[in-house]
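Student: Structure in structure tokens, see below.
Bear in mind these aren't lab numbers, they're just calculated from the coordinates by the rules spelled out. This is a predicted model, so every value here is computed, not measured. Reconstructed Cβ throughout: ideal geometry from the backbone, glycine too, with neighbour counts over all protein chains shown.
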Amino acid sequence: MSVAEFFSSMDYGPAPEAARPAVDWLDAHDRRFDLFIGNEWVAPKDQRRFDSINPANGRVLAAVAQAGATDIDAAVAAARAAQPGWVVLGGHGRARALYALARAVQKHARLLAVLESLDNGKPIRETRDIDIPLVARHFYHHAGWAQLLDAEFAGYEPLGVAGQIIPWNFPLLMLAWKVAPALAAGNTVLLKPAEFTSLTALLFAELCQQAGLPPGVLNIVTGDGATGELIVNHPDIDKIAFTGSTEVGRHIRAATAGSGKALTLELGGKSPFIVFDDADLDSAVEGVVDAIWFNQGQVCCAGSRLLLQESIAERMVDKLRARMENLRVGDPLDKAIDIGAIVAPVQLARIESLVAKGVAEGATLWQPSWSCPEEGSFYPPSLFTGVAPASTIVQEEIFGPVLVAMTFRTPDEAVALANNTRYGLAASVWTESINLALDMAPKIKAGVVWVNSTNLFDAACGFGGYRESGYGREGGREGFYAYLRPSWTKNLPPYGADEDRPAPEPGTVAADLPLIDRTAKNYIGGSQKRSDSGYSRAVVAADGRLLGEVGEGNRKDIRDAVEAARKAVGWASAATHLRAQILYYIAENLAARQREFRDRIMAMTGAKRRAAAKEVDAAIARLFSYGAWADKFDGAVHAPPIRDVTLAMHEPVGIVGALCPDEAPLLALISLLAPAIAMGDRVVVVPSPRHPLAATDFYQVLDTSDLPGGVVNIVTGDRDGLARVLAEHDEVDALWYVGPAAGSAMVEGASVGNLKQTWVNNGKRRDWFDPRQGEGRDYLRHATQVKNIWVPYGE
Amino acid sequence: MSRGEQPAAAGSGAEVHQMPGRAGAMQDSTGRNPGTELELDWLEEVRVNRSAVERRTATLAPRRAVKKDAQAAWLLKAVTCIDLTTLAGDDTAGRVQRLCAKARRPVRSDLLEALGVADLGIHVGAVCVYPMMVAAAVEALDGSGIPVASVAAGFPAGQTPLAQRIAEVEAAVAAGAREIDIVITRGHVLTANWQALYDEVRAFRQACGAAHLKSILGTGDLATLRNVAKASLVAMMAGTDVVKTSTGKEGVNATLPVSLVMVRTIRRYRELTGQKIGFKPAGGISAAKDALAYLSLMKEELGRDWLEPALFRFGASSLLGDIERQLEHHVTGRYSAAFRHPAA
């Protein structure tokens, strides 16, 4: 087109970013890459390689190594060998190293951006303006955490060797999110990039070499799912961090169950984008563009479910269609492109098949009038209307530029629709009313809520999901904890063999006079309930006498207990002062019956009088601790580098299942119950199977302490049997298990259904009397999850 | 170009899409905006989220890079949309004549030939002066098809009795101005006296007769984007043909966020009435790449029709000079210097 023709048409014309520097870099490596192990480039032992392809044109960019078992062993060994030295380097030393990496990323920003765009197909505008700057920011921020580690995380230590598996949608950014906190905390790393997008990780490895990162601290092992499997199952890895599909996440949870590996999962989403009638609709339209047409919609937190208040729905849809008509799909290296290439033909096929399914189910599909480039994997922005929550495309994560729109009438209905999903990663709320926005944000089950904005990220603000969107956070203080453990957990003794032995046969009831029979029942929804099983289990004293009987709890008791807990949802929003008052009141009432509980403990466990009294005292003190904490475990306000406040709220996890050990039957019970209820969780607790009477006595204390029914539910019976039922219950959000190692493994494995957050002791025995081990922030963090609410402001 | 610090903008613009009758004047053949009653309900539904607006404008230009031949064409288009302006206390007939000569030939003819656009008759959109200079400008532009625009109504502050402001508009029209750039009373916006604002703009519209009315909102004085949106809407309801951001004399003049809000209000008014309103950002637009960003904004938010001087103008003093340099660079591949281009 000539200048005169452009003058007449006023079309944009091509605005290509030069690919040459990235192509030169690939050529300089003969378009063939090895594994990066111990700061050296190592050919894969069996010489297997696979192609990395430019999705914009289908051409091969380079051959990338497929790491096999020997290679992974070598990489793990390199990481293991490097770890002690990396710790000894100290926080300041590691801060220097991370600072150097941040600078290296900035110095080579454009090369990284172009290479990323070539390999992934995302627009150069995004890699240049979003991905790479966020990568640098993440390393800077975590250089800071390394520097402050000793001061801010006293009593914590690194986990050891971290195996990290990242997705293809933000290749280098996900590397940064994984690598920066791991290294800052003193871990060494084995990172596997996604099979489709290995190249920027390999370039990053070169930058690490140049920056002088010590050998073995970061190892980049390329490969496909089989390589990932080798990492997940490797016995000498301490932590697995995964970002990717919920399906693979579930598989990893199952594979690592009982291995003792720490695990964080950052999984899928089907995030709601809610527009109220008092929103700035034109801005909301741009928000939708940034929500679902960012990175071709291949974003785990993409706002893919548009919820529109009925009164403005039609106008919004009209505006959206007009806006979609103006979007430009094409060459990712064109600077004036909104939507680039879908990462690979297989992903394109998945999008096409889900869209076809949507059409087949009767939804109305709208796409712009223009067509996509013929060559390469491209898909147009797409909008479905005429869908309902029951539609497949409303439930399934499409991971493409496809939006579904539904309407709602009231804020409550918006919440209900927003939460009608297995996922809970992010949400976007558009309204000019601060009252409405701040009312909505806590009600939406999602780890991130953006008010009048979307897809904002910053290293200081944690990111991560609820429900099947995974667990753990990345970024912020909460994300940093994912690479640390309390130092006291290191050398704990295991549970002895005697714990697994069956209780002795009961003898006869020993008493001078016949006692009035006391029937210990389950405690469900604030009242005593006989076990559904109709069976009882004997409680035997230390001396072999029959102390009494408790119900043999079963599946239905757990079901009822969880149902009661569900109904007690008001506890989550009860004032923290009220929760504190009730905890103190429980302590007060327990103190009033101190001798009775002391005697009970003596009878059950054979403890000496002083020891039993000490346990009751410790339990009372623990209740006081959490009464104290109830209104003090505050969230934070972050100041990311835009005009915004991000409120990091500590929200209760929800319904917590707690399985108690046999030792310290009262203190352990209180130690698990109290932090949960202090934080607003509801609890289904299975007390010590062998010494349950302290718990069944305890519900009388609860009854007299104004605790609303359903907040604490007690089901007696077989710990591991009931643990399995809880683990498999989709309404239970978190499960805490303290007991022998086999139970930990079972709980982790059985929790894959709804990917509930598990917290297990891996068979290690803690000292409940030691406040460092038995109470405090670690418990509170497990009782809460952080929701980051972004509130950009300004008039 | 211009002397001293005052705005002296360049422009030339008879352009291809000419309307019948009053060649060069803003608005198209579908006629003028007749305005509406003062619809306060429309104001009630105005919502502007500043952070979101800023995010849009921050990413708009990076989303729409225009390069090479397309860029040259866009810069030429920008030239045709410039209101070449001088608004200074020391303006004289001689000064205005020189400006008008530049308005007729804003870009060196050898450059236009090299770009293959010599036959497009490129000139600026209008010449904009004070009322006292209108006669001189009309004479200097005789036969060029370039309209003369006059600021009026107590420019720049508007703190003059209404009768005098109306008389000033009438005098400028009588002197031959075909476009009148009035300033609104900012106080009416700050006190939400929409009726007074409406009545005032209505009166100016009346006084304009056949001349096109541009309403300068003085957005830098309006404090909030919501005020900008509401003031825009009231001016349109009162019959303005164009909304203009600034006098060039406020502390803050045209910005992309303010422009986005005004442009979206133009879109809204069109949805409500079917009328197309023009837009003129003024003040502070000095770089060729700024001009490209504004053109992208118009194209993306309003469409192709708003890339013509009938519906879009720049009020800018130093913009033309930068565009000339960029065009020469496009032709020669060498960076250019200001002295190589004829002064205004």
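Student: Could you state the number of Å between the C-alpha centres of region A:201-223 and region A:425-491?
Tutor: Going from one Cα centre to the other spans 30 Å.
Student: Quick one: give the max-minus-min coordinate of the C-alpha atoms of region B:158-257 along each principal axis, largest first, in Å.
Tutor: So the three principal-axis extents are 36, 25, 22 Å.
Student: Express the C-alpha Rg of region B:38-158 as a ratio against the empirical globular expectation 2.2 N^0.38 Å, rounded to two decimals. Could the numbers behind the result be given before it?
Tutor: On the way: Rg = 19.4 Å, N = 121, 2.2 N^0.38 = 13.6 Å.
The value comes to 1.42.
Student: Sticking with this structure for a sec: Would you mind checking region B:211-233 for residues with the amide N under 19 Å from a putative spin-label position 7 Å along Cα→C-beta of B:ASN193?
Tutor: B:216-219, B:221-224, B:227-228, B:230-233
Student: Given only helices, namely DSSP H runs of n ≥ 4 each adding -39500 (n - 2.57), what is the per-residue ellipticity at 222 nm of the protein assembly as shown, to the nearest 500 deg cm²/dmol? Mind dumping the intermediate values first?
Tutor: On the way: 41 runs with 480 residues, N = 1139.
That comes out to -13000 deg cm²/dmol.
Student: Pull out the extension gain between A:ARG518 and A:GLU310, defined as 0.36 nm times the separation in residues minus the alpha carbon to alpha carbon distance; nm, one decimal.
Tutor: Here the segment from A:ARG518 to A:GLU310 would lengthen by 69.0 nm.
Student: Where in region B:252-344 are there chymotrypsin sites (Phe, Trp or Tyr not before Pro) that are in a DSSP coil and have at most 11 other Cβ atoms within 10 angstrom of their Cβ? Walk me through the numbers on the way to the answer.
Tutor: Working: sites: B:TYR269, B:PHE279, B:TYR294, B:TRP306, B:PHE312, B:PHE314, B:TYR335, B:PHE339; in loops: B:TYR335.
For chymotrypsin sites (Phe, Trp or Tyr not before Pro) across region B:252-344 that sit outside H, G, I, E and B with at most 11 neighbouring Cβ atoms in 10 Å, the list reads B:TYR335.
Student: Now a separate question. Dividing the alpha-carbon radius of gyration of region B:40-340 by 2.2 N^0.38 Å (N being the number of residues), what value is obtained?
Tutor: Working: Rg = 18.6 Å, N = 301, 2.2 N^0.38 = 19.2 Å.
Against the compact-globule rule of thumb, the ratio is 0.97.
Student: May I pose another question? What list of ³J(HN,Hα) values in whole Hz, one per residue of region B:67-74 in order, does the Karplus curve 6.51 cos²θ - 1.76 cosθ + 1.60 (θ = phi - 60°) give from phi, with Gly and Pro shown as x?
Tutor: So the J values, rounded to whole Hz, are 10, 6, 4, 4, 5, 4, 4, 5.
Student: State the Cα centre-to-centre distance between region A:288-309 and region B:286-308 in whole Å.
Tutor: Rounded to whole Å, the Cα centres lie 27 Å apart.
Student: Given 4 °C and 1.567 mPa s, compute D for region A:145-268 with the Stokes-Einstein relation, Rh being the Kirkwood radius over Cα pairs; round to the nearest whole µm²/s. Before the final figure, lay out each step's value.
Tutor: Details: Rh = 14.8 Å.
Here the translational diffusion coefficient equals 87 µm²/s.
Student: What angle do you read, to the nearest 10 degrees and between 0 and 90, between the alpha-carbon axis of helix A:69-88 and the longest principal axis of chain A?
Tutor: For helix A:69-88, the angle is close to 70 degrees.
Student: A further question on this structure: Set the Förster distance to 22 Å, then compute FRET efficiency between A:ASP236 and A:TRP488 from the Cβ-Cβ distance, nearest 0.05. Could the numbers behind the result be given before it?
Tutor: Working: r = 23 Å, r/R0 = 1.04.
E(calc), rounded to 0.05, equals 0.45.
Student: Dividing the alpha-carbon Rg of chain A by 2.2 N^0.38 Å yields what? Show your work: numbers first, answer last.
Tutor: On the way: Rg = 28.2 Å, N = 795, 2.2 N^0.38 = 27.8 Å.
Normalised Cα radius of gyration, chain A: 1.01.
Student: In addition: When only DSSP loop residues count, what trypsin sites (Lys or Arg not before Pro) in region A:563-610 have their Cβ near at most 15 other Cβ atoms within 10 Å? Could the numbers behind the result be given before it?
Tutor: Details: sites: A:ARG566, A:LYS567, A:ARG579, A:ARG593, A:ARG595, A:ARG598, A:ARG600, A:LYS608, A:ARG609, A:ARG610; in loops: A:ARG593, A:LYS608.
Here the sparse-neighbourhood loop sites are A:LYS608.
Student: Now for a different question. Would you list, by chain and number, the lysines whose Cα falls below 28 Å from the Cα of B:LYS102, excluding same-chain residues fewer than 8 positions away?
Tutor: Candidates past the 8-residue exclusion: B:LYS67, B:LYS68, B:LYS77, B:LYS214, B:LYS244, B:LYS249, B:LYS280, B:LYS289, B:LYS299.
Student: Let me ask another. Output the 0 to 90 degree angle, nearest 10, between the alpha-carbon long axis of helix A:693-703 and the longest principal axis computed from the alpha carbons of chain A.
Tutor: The angle comes out at about 80 degrees.
Student: Under 20 Å from the Cα of A:LYS614, which aspartates and glutamates turn up, not counting those fewer than eight places away in the same chain?
Tutor: Output for A:LYS614: A:GLU588, A:GLU596, A:ASP599, A:ASP662, A:GLU663, A:ASP697, A:ASP767, A:ASP770, A:GLU775.
Student: Another question, then. Normalised by the residues of region B:40-340, what does the relative contact order come to in percent, with Cα pairs under 8 Å and at least six apart? Could you put the intermediate results ahead of the total?
Tutor: On the way: 549 pairs, mean separation 56.7, N = 301.
Once divided by the residue count of region B:40-340, the mean separation gives 19 percent.
Student: Give, as a single signed number, the net charge of other residues whose beta carbon lies under 12 Å from the beta carbon of A:CYS300, with Lys and Arg counted +1 and Asp and Glu -1. Could the numbers behind the result be given before it?
Tutor: Numbers: positive: A:LYS270; negative: A:GLU266, A:GLU397, A:GLU468, A:GLU474.
Taking every Cβ under 12 Å from that of A:CYS300, the sum is -3.
Student: Over what distance in Å are the Cα centres of region B:226-271 and region A:328-403 separated?
Tutor: So the separation of the two Cα centres works out to 36 Å.
Student: Using Cα atoms only, what is the angle between the long axis of helix A:665-678 and the major principal axis of chain A, expressed in degrees (0 to 90) to the nearest 10?
Tutor: The angle comes out near 40 degrees.
Student: Take region A:645-795, drop everything but the C-alpha atoms, weight them equally and run the Debye formula without solvent; then report log10 I(q)/I(0) at 0.12, 0.16 Å⁻¹ to two decimals.
Tutor: Normalising to I(0) and taking log10 leaves -0.49, -0.84.
Student: Let me know the longest stretch in chain A that avoids all chymotrypsin sites (Phe, Trp or Tyr not before Pro) found in a DSSP loop with at most 13 other C-beta atoms within 10 Å. Please list the in-between numbers first.
Tutor: Numbers: sites that count: A:TRP370, A:TYR535, A:TYR793.
With a cap of 13 other Cβ atoms within 10 Å, the longest stretch comes to A:1-369.
Student: What average number of partner chain Cβ atoms lie no more than 10 Å from the Cβ of the residues making up B:53-60? Could the numbers behind the result be given before it?
Tutor: Values: counts 5, 5, 10, 7, 1, 2, 6, 1.
Partner-chain Cβ atoms within 10 Å, mean over residues of B:53-60: 5.
Student: Let me ask another. Tell me, what are the semi-axes, in whole angstrom and largest first, of the equivalent ellipsoid of region A:257-337 as set by the roots of 5 times the Cα gyration tensor eigenvalues?
Tutor: Details: eigenvalues 191, 85, 13 Å².
So the equivalent ellipsoid measures 31, 21, 8 Å along its semi-axes.
Student: Over chain A, what is the relative contact order in whole percent, taking alpha-carbon pairs under 8 Å and six or more residues apart?
Tutor: Details: 1823 pairs, mean separation 94.2, N = 795.
Worked out over chain A, it gives 12 percent.
Student: Just tell me the longest site-free run in chain B, where the sites are GluC sites (Glu not before Pro) in a DSSP loop having at most 10 other beta-carbon atoms within 10 Å.
Tutor: B:38-344
Student: Give me the aspartates and glutamates in straight-line cross-link reach of A:LYS357: C-alpha distance below 19 Å, same-chain residues under 8 apart excluded.
Tutor: Straight-distance partners of A:LYS357: A:GLU396, A:GLU397.
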